[in-house]
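This report concerns only the one structure given below.
What follows is calculated from the coordinates using simple rules that are stated; it is not laboratory data. Since the structure is predicted, the reported quantities are computational estimates derived from the model, not experimental observations. Positions of Cβ are backbone-derived with ideal geometry, glycine not excepted, and every protein chain shown enters the neighbour counts.
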Amino acid sequence: MVSSSLLVLGSALATMPALTLKVMGFGAQRELGNIKLLGLVCAVLGLQHWTDVQHGYVAAMETSVYSRLFVGSVLVLYSRFGAANRSVLMLGATAVYSSYLSWQNLKLRSHL
């Protein structure tokens, strides 16, 4: 239930933030970029929660690696195209790097 709610709400906020906020009863917002990022993070958290419940720990860890890589890349792109400030660039770069380290660790453990 929680994972499906996060997936649906996050996807709606990431793709159609103005319409989603209007349906929920919020007024018009000037800046929707941060709300789109919030939607992206909610959708990824929903995906991770769903994977953990359905498939167990190892699949959830793999999903976490790819999710952090995806979110980190989006944050870096947002920052590089001027939609967010430099702190978002550092956050994105850190997420990409940590997902790379986790991927290396999972790859190493699979060979043991």
Could you give the size of the charge dipole of the chain about its Cα centre, using +1 on the Cβ of each K and R and -1 on the Cβ of each D and E, expressed in debye and rounded to the nearest 20?
260 debye
With x for Gly and Pro, the residue-by-residue ³J(HN,Hα) of the stretch 89-94, computed from phi through the Karplus equation 6.51 cos²θ - 1.76 cosθ + 1.60 at θ = phi - 60° and given in whole Hz, is 4, 5, 4, x, 5, 5
To the nearest 10 degrees, the tilt of helix 57-80 (Cα long axis) against the first principal axis of the alpha carbons of the chain is 50 degrees
With the dipole of the chain worked out from charges on the C-beta (+1 for Lys and Arg, -1 for Asp and Glu) around the Cα centre, which of 95, 51, 12 lies farthest toward the positive end?
95
FRET efficiency, residue 54 to residue 104 (Cβ-Cβ, R0 30 Å, nearest 0.05)
0.75
Starting from the Cα-Cα distance between residue 16 and residue 28, subtract it from 0.36 nm times their residue separation and give me the gain in nm to one decimal.
3.0 nm
Correct semi-axes for the chain, from √(5λ) of the alpha-carbon gyration tensor and rounded to whole Å with the largest first, are 28, 20, 6
